[in-house]
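The values are calculated or read from the model by the stated rules, or taken from the named source; none is laboratory data. All values reported here derive from a predicted model rather than from experimental measurement. Virtual Cβ from ideal backbone geometry, glycine too; neighbours counted across all protein chains shown. Heavy atoms of the whole protein, side chains included, go into the accessibility calculation; ligands, DNA and RNA do not. Shrake-Rupley method; radii C 1.70, N 1.55, O 1.52, S 1.80 Å.
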Amino acid sequence: MPKNKEPKDKKFPLLAHKISRLFEPPKKFIEQFVEEGQTVADLGCGPGYYSLHFAKIIGPEGKVYSVDFDERGISALNKKAKKHGYNNIESHATSASELSFIEDSSIDFVYANGLLCCMTPENQQSAVSEIKRILKPNGHAFLAVAKGSISYMKKDEWEKILSGFKVLNRKEKRSELTAEVMLK
Ligand SMILES: C[S@@+](CC[C@H](N)C(=O)[O-])C[C@H]1O[C@@H](n2cnc3c(N)ncnc32)[C@H](O)[C@@H]1O
């Protein structure tokens, strides 16, 4: 990073979303986390590949909050939701570091796939505080972050974040770190 340049949260090219899908686990992966009628927050949802699957699984009685600060992603998601007739997605083109439109203790499942590693350390902390605030006491969150030079997430910061939760399951893969967590 050039000297004296303020770090900013990173956007993600739409093409990269399409490519990453080829390697990512499919809808089956998220089915283990959610049930019909539940409320989900898909933070850093991009163009909503997972949000649309969540919307289908939770059905009309459930709700998905889809949040991404990149308006292009949210606009692509809104178009697809309309095409599929999903009325249970509430999308917000805003930062996941400030989620005041989501009530305290109201979310069954937070999905933050590739979000925290795009955020500056300061914003990571705010997003983690928001995740803790919005989760129901028995709610779950799935956090996944990229490793390596493209990632803002440092190993010790990841450990610090996980130490603030009850960790149900964690994995270290070649290019990413993942964890399923609950409130302590
Ligand atoms: C690696 S992509 C993952 C997209 C999606 N979760 C998926 O799995 O397909 C990370 C996403 O986080 C978004 N992002 C980065 N910083 C953000 C922030 N501060 N608030 C909300 N979204 C953010 C980017 O715009 C991008 O869409």
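Details
- Residue in segment 58-80 that is open to solvent by 10 Å² or more (accessible area, probe 1.4 Å), more than 12 Å from the ligand (Cβ to nearest atom), at pLDDT 95 or above and hydrophobic (A, V, I, L, M, F, W, C) present: no
- Residue selected from segment 146-170 under the condition in contact with an Asp or Glu (Cβ under 9 Å, 6 or more places away or on another chain) and at pLDDT 95 or above, by the criterion nearest to GLU98 (Cα to Cα): VAL167
- Only residues that are open to solvent by 40 Å² or more (accessible area, probe 1.4 Å) and away from the ligand (no atom under 14 Å from the Cβ) were counted in segment 122-155, giving 9.
- Under the condition of being surrounded by fewer than 20 Cβ atoms within 10 Å (Cβ to Cβ), among the β-branched types (Val, Ile, Thr) and either in a loop (DSSP other than H, G, I, E, B) or modelled with pLDDT of 80 or more (or both), the residues counted in segment 1-56 number 1.
- Some residue of segment 82-99 being open to solvent by 60 Å² or more (accessible area, probe 1.4 Å), among the basic types (Lys, Arg) and in contact (Cβ under 8 Å) with a residue 12 or more places away in the chain: no
- Meets criteria (in a helix (DSSP H, G or I), at pLDDT 95 or above and not small (Gly, Ala, Ser)) for LEU143: no
- Of all residues making up segment 106-116, the number that are open to solvent by less than 10 Å² (accessible area, probe 1.4 Å) and within 12 Å of the chain's Cα centre (by Cα): 5
- Test for MET119: is it open to solvent by 20 Å² or more (accessible area, probe 1.4 Å) and within 21 Å of VAL40 (Cβ to Cβ): no
- From LEU177, LEU183, residue being hydrophobic (A, V, I, L, M, F, W, C) and either open to solvent by 70 Å² or more (accessible area, probe 1.4 Å) or within 15 Å of the chain's Cα centre (by Cα) (or both): LEU177
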